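Student: Have a look at this one.
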Amino acid sequence: MRKRIGLIILLSVVLALFIPVFVQAGEDENFEEEILHLDERGCTSCHKVVERDGKVFDYTLYAEVQRIEDHPAIKKEKVEEEGVLYCLVCHEDMGEKSFKKIIHPIHYFSEHFEGNCFSCHDISEKGEFVLFDEVQAGKE
């Protein structure tokens, strides 16, 4: 009898804790977006035109590449359309110039980057880190 009462109490506590979460998920259409911070993830969440102190700064991917000395010309329309996936056309597997070799130090030692691994990455079904933008584009 004591086990049954203990089980009923435990079940009541669990239900009391989780029912509000399930109700909120059903009522709030943006629940998943808020939980996953979708607007704060992916390249274009940071790489955009911003205004600070009355000045305009262009941090778009296209503008950032234009500031790299000796970088080959790229098509602005393609960068705007495909984002980082356009960068990967060349940089996916280039040894020392591979995207992952270049991009991590640039961000980690930047005075502007305030994110974390999940700002740029997601976890695949296999449990591996993948680019968030690839997931959003249906590539992963």
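Bear in mind that the values in this text are calculations on the coordinates, not laboratory data. Because the structure is predicted, anything quoted here is derived from the model rather than measured. Backbone-built Cβ (ideal geometry, glycine too); neighbour counts: all protein chains shown.
Student: When you scan the range 101-120, do you find a residue that is small (Gly, Ala, Ser), out of contact with any strand residue (DSSP E or B) (no Cβ under 8 Å at 6 or more places or on another chain), within 30 Å of residue 33 (Cα to Cα) and not in a loop (DSSP other than H, G, I, E, B), even just one?
Tutor: First, pick out the residues of the range 101-120 that are small (Gly, Ala, Ser): 110, 115, 119.
From what's left, out of contact with any strand residue (DSSP E or B) (no Cβ under 8 Å at 6 or more places or on another chain): 110, 115, 119.
With the extra rule that they be within 30 Å of residue 33 (Cα to Cα), the set shrinks to 110, 115, 119.
Add one more test, that the residue is not in a loop (DSSP other than H, G, I, E, B), and what stays is 119.
Checked against the condition, which is being small (Gly, Ala, Ser), out of contact with any strand residue (DSSP E or B) (no Cβ under 8 Å at 6 or more places or on another chain), within 30 Å of residue 33 (Cα to Cα) and not in a loop (DSSP other than H, G, I, E, B), the range 101-120 yields at least one hit.
Student: Picking from 130, 89, 65, which residue would you name as being without any contact (Cβ under 8 Å) to a residue 24 or more places away in the chain, surrounded by 14 or more Cβ atoms within 10 Å (Cβ to Cβ) and assigned to a helix (DSSP H, G or I)? It would help to see each step written out before you state the result.
Tutor: Numbers: 130 fails: assigned to a helix (DSSP H, G or I); 89 fails: surrounded by 14 or more Cβ atoms within 10 Å (Cβ to Cβ).
When all the criteria are applied, what remains is 65.
Student: When both residues are 6+ apart or on different chains and their Cβ atoms are under 7 Å apart, which pairs have a first residue that lies in the range 99-122 and is in contact (Cβ under 8 Å) with a residue 40 or more places away in the chain and farther than 16 Å from residue 65 by Cα, and a second that is surrounded by 11 or more Cβ atoms within 10 Å (Cβ to Cβ) and of a type in the set (Lys, Arg)?
Tutor: These pairs meet every condition: 118/41; 119/41.
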